[in-house]
Every structure is written in C-alpha cells, then in structure tokens.
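The values are calculated or read from the model by the stated rules, or taken from the named source; none is laboratory data. Owing to the predicted nature of the structure, the values given are computational and were not obtained by experimental measurement. To get the accessible areas, we keep the full protein, side chains included, count just its heavy atoms, and leave off ligands, DNA and RNA. Shrake-Rupley method; radii C 1.70, N 1.55, O 1.52, S 1.80 Å.
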Amino acid sequence: MKSVRVISTALSLFLLLGTAAPAYARQGGKQDKSEKQDKGDKQGKSQKQAKGKSKAQAESRQGKQQEQEPAPQARPEQTQQRALQQDQQQQRVQSQQKPQKQQKQNQRQVRVQQQQDRPPGWDKGKKVGWGDGTVPPGQQTRVSQKRQQALIRAQQQRVLVYRRRLDEQQRLAQQYAARLQQQRYMASYRYQQEYLARLRQQRIDLQQARDYNNDPFFYTAPIYRYNRAGSYYQTNEYGANLLRQAVNNGYAQGFQAGQAAQQDRWTSGYRNSYAYQDANYGYDGYYIDQREYNYYFRQGFSRGYDDGYNSRNQFGQSSGGTSGIMGAILSQILNLQSLR
C-alpha cells in the first residue's frame with residue numbers, strides 16, 4: 001500500500017512539474033525577448049548618438065579648418081581698379097565740398113560788407129539808407145565798374161548844363177516877378193519871390209563837391225521801369241525817390257500858386273505860371289535827367305494848382321501847412337513796375 005501511495009505521489013509531482021515548466025519557460029522567454037529588445041534599443045540609440053557626435057565633430061573640425069584657411073587674395077588688376085575707384089569717389093566728394101565751403105565763405109564776406117555799408121543808425125531802428133532808400137546799399141545789386149563810371153561821367157555833364165540853365169532861369173524869374181508887381185498881383189508876386197529864393201539856393205548847392213564813387217545811386221542796379229511819352233526807362237530806388245519827390249514838389253508848388261491866383265482873382269490858368277514853365281523847383285541836377293524831373297513836376301503842379309485854386313483836396317491833402325499828393329494818384333502818375 002505504501003508503495004502505491006509513493007508511486008501516486010511521485011506521479012502527481014511529476015505532473016505538476018510538467019505543467020509548471022512550460023509556463024516558466026514561456027515567462028522566461030518573454031523576459032529574455034524584452035531584455036533583448038531593450039538592449040537593442042539602447043544599442044541603437046547609443047549608435048545614433050555616437051554617429052551624431054562624430055558628425056558634429058567632423059563639421060566643427062571642417063569649420064575651424066575653413067576659418068584657419070587664408071582668404072583668397074585679389075589679383076593685382078582688381079586691387080588697382082578698386083584703388084582707382086576709391087580715389088575717384090574721394091575726388092568727387094572733395095569737389096562737392098569745395099564749392100560749399102567757398103559759398104559759405106563768400107556769404108560771410110557779403111554779410112561783413114553789408115554791415116560795413118549800412119548807413120549810420122540802421123541797426124538802431126532808423127531804416128533809411130542814403131538818398132532815403134529803404135534798403136541798405138550793401139544789400140542791393142551792384143552794377144559793373146564800367147557802368148558806374150559811365151553814369152558818373154553823364155552826371156558830371158548834367159551838372160554843368162544845369163548850372164548854366166539855373167543862371168538863365170533866375171534872370172527870367174526876376175523879370176516875371178517884376179511884371180506881377182506892376183500888375184499888382186501881390187499874392188502871386190510873394191509866391192514868385194519864394195520860388196526865386198529856392199532857385200538861388202539850388203545854384204549854391206550845386207557848387208558843393210560830391211563823392212560820386214561812394215554815392216550808391218551810381219553803383220546800384222535798376223529795380224524799376226516806367227513809361228514816359230511812350231518810351232520805357234529804368235531806375236533804382238534812389239532815382240525812383242527823386243521821381244516821387246518831383247511829383248510831390250510839383251503838387252505843393254501848384255497848390256500855393258493856385259491859392260495865390262485865387263486871391264488875386266487871376267484866371268489865366270496854371271500853364272501861364274512861371275513855376276509850371278520852369279519846373280525845376282527842388283531839382284539838384286542829380287540822378288535823373290532834368291527833362292524827366294520837369295515832366296513829373298508838372299504832373300503834380302497841374303493837380304495841385306487845381307486843388308489850391310478851388311480850395312479843395314481832390315488830388316492831395318494838406319497837413320501842418322504843407323501839401324502832398326495822394327499815394328494812389330502818385331502811383332498812377334509814376335506807374336513804376338518792378339524788374340524783380
């Protein structure tokens with residue numbers, strides 16, 4: 001019986017061992033397989049990492065080698081061409097800078113000269129230049145030296161002619177005054193005496209020396225043109241001021257002559273007045289021709305005589321005992337046109 005039990009027990013153990021062995025074998029196989037896969041993955045990663053490091057090291061060595069290699073040198077022809085281009089560019093820059101420097105230097109010289117040429121009191125608020133000009137002579141365009149000398153010679157000849165003319169006019173003025181006195185036109189006689197006194201003073205003033213070379217009228221370029229008797233003429237600010245003065249002098253003298261004629265009940269008109277015929281009151285022989293001054297003086301005289309004789313102010317106005325033509329009438333008479 002014991003032998004049978006032993007045999008059955010041994011048989012049971014054998015069966016148990018037989019069933020457990022395949023399970024253990026399968027489990028062990030799986031573990032071996034996973035271990036192999038893990039080992040393969042690790043080996044693949046390590047191989048990839050090794051390859052990546054080797055590649056990076058190779059690229060680094062190649063970059064260092066390229067840095068260490070010297071740059072290719074330019075050929076002598078290219079070097080000369082580049083140097084030539086740089087020289088040409090530098091010359092262009094210098095040529096552009098030189099006119100700018102010269103221009104700035106010229107501007108500084110002009111400003112200094114303008115300050116020297118300004119009339120006394122200009123920078124203190126008195127904005128009146130020589131000859132009552134409104135612009136300092138240093139800021140006005142100058143004519144050529146040749147033109148300046150030609151104007152001076154013409155002026156000197158003009159003064160000589162005007163002196164002889166004044167001598168003759170004084171003689172005629174005295175004869176005219178004597179006739180007024182005989183006819184007892186006393187108001188007109190008194191006016192004629194005042195007119196004659198002014199002609200005498202003008203004759204004395206002509207004897208004074210003038211510095212033509214430093215007179216701005218003779219070196220200042222024209223800035224106006226005007227039409228007289230169908231012809232055009234040009235003048236600068238100083239000549240234009242004398243034209244304005246001629247019209248205003250004419251109006252003032254005409255106004256006084258008209259008042260005197262009205263007081264004397266004299267109806268002969270302004271054309272028979274000696275002042276109108278002479279038309280030299282206030283003219284000093286400078287800047288413009290005598291005929292021009294006479295023309296514009298008579299333009300003002302006829303209008304002033306009309307206002308004075310009729311006791312009105314149609315063409316001008318009176319203030320403080322002096323009379324002057326209206327600005328609009330003055331501009332209409334002169335019709336100065338700017339050349340700039």
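Tell me the carbon and sulfur percent of the accessible area for region 210-340, rounded to whole percent, probe radius 1.4 Å.
It is 40 percent, rounded to a whole number.
On each of the three principal axes of the Cα atoms of region 268-340, give max minus min coordinate, whole Å, ordered largest first.
40, 27, 22
How much length would be gained if the chain were fully extended between Glu194 and Arg271, taking 0.36 nm per residue of separation minus their Cα-Cα distance, in nm to one decimal?
Between Glu194 and Arg271, full extension yields an extra 25.8 nm.
I need two numbers for region 132-263: Rg to one decimal and Dmax as a whole number, Cα atoms only, in Å.
Expressed in Å, the Cα Rg and Dmax of region 132-263 come to 18.8, 56.
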